[in-house]
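Before any comments, here is the structure.
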Amino acid sequence: MVKNHKTSTIYSLLLFVPEIKQLIKEKKFFELKEVLNNIHPIDLAEGFHNFDKEEQLIIFRLLNFNRAIAVFEDLDPKEQSWVIENLEQNPLEKLVEDMPADEKVKLVRHLPERIKKKLLNSINKEDFNFIQQTLNYKEGTAGIIMNTYFISLYPSMTAKQAINYIHSLSRFRKYSSLHAFYVVDEKRKLLGGVTLRKLVAAPSDIKVSDIMSSVNFIKVNVNTSQEDVARLFAKYDLVIAPVVDENDILVGVITVDDVIDIINQLNTKQIYEVGKIGGKEEIRYQEATPWYLFKRRVGWLTLLLIFDFLTGTVLKTFEHAISSVVALTFFIPMLLDTGGNAGAQTATILIRSFSTGDVSFKDIFRVIKLEIISALMMALCVGILAFFRGLSLGVGFDVSLVVGITMVCLIILAISTGIFLPVISKRMGLDPAVLTGPVITSVIDVFGLIIYFKIAQIILPQLNNVLK
């Protein structure tokens, strides 16, 4: 049974690695071909790094045409470059010939210049012109991921003519989707769309113009950001969407498999930003080196350390207060951690809402009102708990009161910071997830300690002279 889940790599490839290596060593290529046929192409691509370069070429040459294409499409750009560079010209032409046009563009974008020329020399003129045109689109836009291999219909066609037309074209080319088709006029201006199901179910003599639907809500401009494309697909549960230029001319289509790739990239990027890891490329331990991990992580780690210097400075300033009322130190971790958690909660929800389009700047005052009211409720709740925690440790009523009031103030400060930092970052055109985390932590650490000791100065008489 073929598995298609990622975890199937463990069962269907790693299990065969020693056997594959042994068969290559013994040059038993017929048996090796049989083994390779039992491994899903995706699993084979994900485990390609388990073999040395010579073994990879042997494996590739033993795959049949369709499986070789499927494996090649799922290799990472470095592995694709190496395969292209080392395959002889004729197999190379066959390899890329049936790849979808958008996949060819992705491949070309990641290739070194020398290998790029070799690939472009091996493709037909139609693909060459499309790739050259698509490379002019701005990185991160719909034009980069769209596919120009699609079937368009005309409003004057009958349902029967449209079905025959689709059948005749799909016999000679692998199209990205045969689920839905878009209707254009003689100048290729987008008029509407119709599904294959509707065409089949309609009377054979009815015109396409009579059964087509409006696509105004789902059409995508070629310069639309890929993030907005992903939101559109999620909002309307799309499988395919038309791409138009500034004149509403149909220039391509985007399918859900392309959008899934974008969503995965965005999720990886956001997760790494929350964890303060540089770059948006996914880290894979099977391929990573110590130097690679060092480069990806040391920058933010150093920056966060510099932010933490401020906390030490504040503690140094109030060292006499700490020595006078040692019990105050018992609650510093609890106060700062709780404040940081409250700010992170608010920032996470707001950043996610910005990302999904649930919140825009016109909604911001409503969001602020909701968060401030909830902040007051949460501040009162955790403040009371902090007060009783102080009493339970036997530090006295006065110190417990300082802890409770400080907790109330910190929660309000943290949630306010968690609101305004993402909003300011978004307004400045920055990614809110990049700056919000470390800045919230620094604000809570520095101003939280200042608030703590200032409240202590007001309530605890023994600190009046110490802190003056």
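How big is D, in µm² s⁻¹, for the range 152-270 by Stokes-Einstein at 4 °C and 1.567 mPa s if Rh is the Kirkwood radius over C-alpha pairs? Don't jump to the answer; show the numbers that get you there.
Working: Rh = 15.1 Å.
The estimated diffusion coefficient comes to 86 µm²/s.
Got a sec to turn the phi values of the range 195-207 into Karplus ³J(HN,Hα) couplings, 6.51 cos²θ - 1.76 cosθ + 1.60 with θ = phi - 60°, whole Hz, x for Gly and Pro?
So the J values, rounded to whole Hz, are 8, 4, 4, 5, 5, 5, 7, 7, x, 5, 9, 6, 7.
Which part of the range 389-420 falls in the paramagnetic zone of Ile459, meaning amide N under 13 Å from the point 7 Å along Cα-to-beta-carbon?
389-392, 395-410
Taking 0.36 nm per residue of sequence separation and subtracting the Cα-Cα distance, how much length would be gained by fully extending the chain between Leu385 and Tyr175, in nm to one decimal? Display every interim value, and only then the final one.
On the way: separation 210, 0.36 × 210 = 75.60 nm, distance 6.28 nm.
Roughly 69.3 nm would be gained on extension.
Where does the range 290-463 land on Rg(C-alpha)/(2.2 N^0.38 Å)? Present the calculation step by step, with values, prior to reporting the outcome.
Details: Rg = 17.9 Å, N = 174, 2.2 N^0.38 = 15.6 Å.
After normalising by residue count via 2.2 N^0.38 Å, the value is 1.15.
Contour minus end-to-end for Leu310 and Ser225, with contour as 0.36 nm per residue of separation and end-to-end as the Cα-Cα distance?
Between Leu310 and Ser225, full extension yields an extra 26.7 nm.
For the pair Phe217 and Ile58, how long in nm is the line joining their label points, each one 7 Å along Cα→Cβ?
About 5.8 nm, to one decimal.
What is the spin-label model distance, in nm, from Ile450 to Asn247 if the labels are put 7 Å beyond Cα along the C-beta direction?
That separation, rounded to one decimal, is 6.0 nm.
Would you calculate the separation in nanometres between label points at Thr329 and Leu135, each defined as 7 Å from the Cα along the Cα-to-beta-carbon direction?
6.4 nm
Mind listing the long-range amide H neighbours of His40? Cut-off is under 5 Å, sequence gap 5 or more, other chains count too, H placed in the peptide plane at 1.01 Å from N.
For His40, the qualifying residues are Lys3.
What FRET efficiency do you get for Glu85 and Leu15 if R0 is 35 Å and r is their Cβ-Cβ distance, rounded to the nearest 0.05? Don't skip to the end; give the middle numbers.
On the way: r = 30 Å, r/R0 = 0.86.
My answer for the efficiency is 0.70.
Rule-based calculations on the coordinates, nothing more; no lab input. No experiment lies behind these values; they were computed from the predicted model shown. Note: ideal-geometry Cβ built from the backbone for every residue, glycine included; neighbour counts use all protein chains shown.
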